[in-house]
Amino acid sequence: YAGKPLTLRMLQQKYGSGVRMNCRVIKRHGVSQPKPERDSSGQVFLDANGRPKMVNKVRLIDDCRRSLHNSHLQRRCETIAPCRFTYMASVCEEVAKQASDRNIRAPQVVFSLDDQKAAYRQIPTREAGMCVVCVYSLDKGNEGPRVIEYWGHNFGNAAAVTNYYRTPVLCSQIARHFFAVPQEHYFDDFCTPDFKLGAELDSGANACIT
């Protein structure tokens, strides 16, 4: 997702220095977010009172407002349209309708929810010089302030939302038009009905829903 840590000298050798520098470094900081602690299988650990044990997750935020990326270096002319909360009900309604029209028993509808790992990082940007962040390296023998080129999107960049959003829209359209799968997505979370698995869970049902 990213290049190797660079010193200031290395950065200047690649991007220039002073007013001739053709990159803009972004300050990075962490935000602590509590989340349930889980084991390797995904099971949530509970405390003595039966409540989920919470651990702090540090989410890395790139301050693109302070670096003026958000206000001066982007032109945002698009918007997004996340899926409606009625999506699953609409799919189930269509399944019931087709089953009724064919006079067959409707299958049990099972939905899977797949999260794209490190979603922003996996979608490249054209200009790596606009995604350079400043961190403090604690690696032995390489301690001190370092800058890193990110080839994906920054978490904190206002344009990253609409720019990334094109990818899941395309993936869902391919699933619908080429594979007849009524898939929907909410940002990087893909929701897909599995009629075959539904039929296997309910042995008396039919999986022939298109």
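Per the Debye formula on identical point scatterers at the alpha carbon atoms of the chain, with no solvent, log10 I(q)/I(0) at q = 0.09, 0.17 Å⁻¹ is -0.56, -1.19.
Cβ-Cβ distance of PHE45 and THR79, R₀ of 41 Å, FRET efficiency by 1/(1 + (r/R0)^6): the value works out to about 0.55.
Each Lys and Arg adds +1 at its Cβ and each Asp and Glu adds -1 at its Cβ; summed about the Cα centre, the stretch 64-141 shows a dipole of about 280 debye. Solvent-accessible area per residue in the chain equals 68 Å², computed with a 1.4 angstrom probe and all protein chains kept. Near the amide H of MET54, within less than 5 Å, lie the amide hydrogens of GLU37, all on another chain or at least 5 residues away, with H placed in the peptide plane.
Under the rule of -39500 (n - 2.57) per DSSP H run of 4 or more residues, summed and divided by the residues of the chain, what mean residue ellipticity at 222 nm is obtained, to the nearest 500 deg cm²/dmol? Rounded to the nearest 500, it is -8500 deg cm²/dmol. With a 1.4 Å probe and every protein chain kept in, tell me what percent of the accessible surface of the stretch 38-141 is carbon plus sulfur. In the stretch 38-141, the share of accessible area belonging to carbon and sulfur is 51 percent.
For GLY42, the shell of other residues with beta-carbons less than 15 Å away shows a net charge of 0, using +1 for Lys and Arg and -1 for Asp and Glu.
Given +1 at the Cβ of Lys and Arg, -1 at the Cβ of Asp and Glu and no other charges, the dipole of the stretch 11-52 around its Cα centre is 500 debye to the nearest 20. Candidate membrane-span-like segments in the chain, meaning DSSP H helices with Cα atoms spread over at least 27 Å of their own axis and a Kyte-Doolittle mean of -1.0 or above, are 158-179, with no membrane implied. Computed about its Cα centre, the charge dipole of the chain is approximately 1160 debye, with only Lys, Arg, Asp and Glu carrying charge at their Cβ. Backbone amide hydrogens, once placed in the peptide plane, bring ILE26 within less than 5 Å of VAL132, VAL133, CYS134, excluding anything fewer than 5 places away on its chain.
The values are calculated or read from the model by the stated rules, or taken from the named source; none is laboratory data. As the structure is a prediction and not an experimental result, all values here were calculated from the model. Cβ: placed from backbone, ideal geometry, glycine included. Neighbour counts: every protein chain shown. With ligands, DNA and RNA removed, areas are computed over all heavy atoms of the protein, side chains included. Shrake-Rupley method; radii C 1.70, N 1.55, O 1.52, S 1.80 Å.
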